[in-house]
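Encoded as structure tokens, the structure appears first; notes follow it.
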Amino acid sequence: MKLVTKKAAIAALMAGLAAVSFAGCNRDTAAPAGGGSASGGASGAATGKRACIILPDAQSSSRWENGDRPQLEQAFKAQGVETDIQNAQGDTSKYATIAQQQLTKGCAIMILVDYNKAGVQVAQKAKAQGVPVIAYDRPIEGADYYISFDNFHVGELEGQMIVDGLKAENKDPATAKVVYVGGDPTDGNAKQFHDGADKVMSAAGIKPSFQTPGSWDPPKVQTYFEQAYTATKGDIDAVWAANDFNAASVISVLDKNGKKVPVSGQDASPPGLQNILLGKQVATVYKPFQLEAQATVDLAMKLLNGEKPPAPTTAADGTPFIPQTPIVVNTENMKKVFDDGNAKISDVCTKEAATACQKAGLT
């Protein structure tokens, strides 16, 4: 699922989107998982307007509650826009119920993180009521705009981690036994991660020796990888894992069997960062959610003012797409994640990783 990126257009658009400065992210101010929030703002043209936001769950990533929720709330508040932020908690029925309640109360704009395609019908209902819809982080067919990182490129970066990891161990990628542990196929991003990674790995001669069923549920991922480990009799040279939580599930099985191989990941989550420091994960793809959140708020303000700004490219389904640029993080540049406020050293540099943190200059 390859996106055509026009770098010059992206740069020009992002320069405009950066016009509104970002308040620093306080990861300790997140509302409880599943709860709603409402915030009033300063007076202005948008005062009294309401942004309705649905997050997907609190299990697939810690970012939704600890990062995106407070950042979106703060950025909209600075623009005088009230927010109604709810979490579907991994339940498509709850997702639909939340959306109906929000639309009944009234929304000037909807920002949806899809969950198992639940966002498609919500987007249709919202647009039928004249409410513009922004697909946030995950694609939603029929949305007015899509803001996310270039997820095909995220996959490419993950695939390169595996290729580089194998070469660092003097193993020929063309003969290496690599297991693929992908994300939930109902998440539109999961295919992009897979396809991007597979493009890079297959170019290096890698053919998956085993592919587990896709999932973002850590217990399921662990079970699936245990089955893969048994089926391959532990003859595994590397594991492409679609994100840090999948990687953590994989690593728990590898640890149990006393085995260490290159493992990829993304999200720059505390478990992922810790596994990198401990040498159990090659790297992670860092996607600063602040970029997504601010670009979304900037776009929303334009839509609320009646504008329809052009996007630099389109998603595979034709939705106007505003991509953000991901970053590969390892021990050498991990400090950036902490400096950005997207992880706490105290959460990563626990007793197990204390020595590794000191070596990496993280204190």
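Worth a mention:
- Reported count of residues in the range 170-194, each being β-branched (Val, Ile, Thr) and in contact with a Gly (Cβ under 9 Å, 6 or more places away or on another chain), is 3.
- Pick from the range 61-86, criterion polar (S, T, N, Q) and either open to solvent by 10 Å² or more (accessible area, probe 1.4 Å) or farther than 17 Å from VAL133 by Cα (or both), ranking: farthest from the chain's Cα centre (by Cα): GLN79
- Cβ-Cβ distances below 8 Å connect the following pairs, each with a first residue in the range 309-331 that is farther than 22 Å from GLU158 by Cα, a second residue that is of a type in the set (Asp, Glu), and a separation of six or more residues or different chains: ASP317/GLU141; THR319/GLU141; THR319/ASP144; PRO320/ASP144.
- In the set (1) over 14 Å from ILE53 (Cα atoms); (2) more than 23 Å from the chain's Cα centre (by Cα), the condition left unmet by VAL120 is number (2).
- The condition of being farther than 30 Å from VAL131 by Cβ, small (Gly, Ala, Ser), open to solvent by 30 Å² or more (accessible area, probe 1.4 Å) and at pLDDT 95 or above holds for only one of GLY265, GLY272, GLY279, that being GLY279.
- Residue in the range 200-231 that is surrounded by the fewest Cβ atoms within 10 Å (Cβ to Cβ), counting only those that are in contact with a Phe, Trp or Tyr (Cβ under 8 Å, 6 or more places away or on another chain) and part of a loop (DSSP other than H, G, I, E, B): PRO213
- Note on the range 343-363: residues that are of a type in the set (A, V, I, L, M), more than 19 Å from the chain's Cα centre (by Cα) and assigned to a loop (DSSP other than H, G, I, E, B) total 2.
- Test: residue in the range 195-211 that is of a type in the set (Phe, Trp, Tyr) and touching a residue at least 60 places away in the same chain (Cβ under 8 Å): no
- Residue satisfying all of: in the range 172-199; over 20 Å from the mean Cα position of the chain (by Cα) and either buried (at least 17 other Cβ atoms within 10 Å of the Cβ) or among the β-branched types (Val, Ile, Thr) (or both); nearest to VAL250 (Cα to Cα) among these: VAL179
- Unique residue being of a type outside the set (Val, Ile, Thr), at pLDDT below 95, open to solvent by 40 Å² or more (accessible area, probe 1.4 Å) and under 18 Å from the mean Cα position of the chain (by Cα) when the list is ASP317, ASP340: ASP340
The values are calculated or read from the model by the stated rules, or taken from the named source; none is laboratory data. Everything numeric here is computed off the predicted structure, so don't read it as measured data. So basically every Cβ, Gly included, is an ideal-geometry build from the backbone, and we count neighbours across all protein chains shown. In case anyone asks, the SASA skips ligands and DNA or RNA and just uses the protein heavy atoms, side chains included. Shrake-Rupley method; radii C 1.70, N 1.55, O 1.52, S 1.80 Å.
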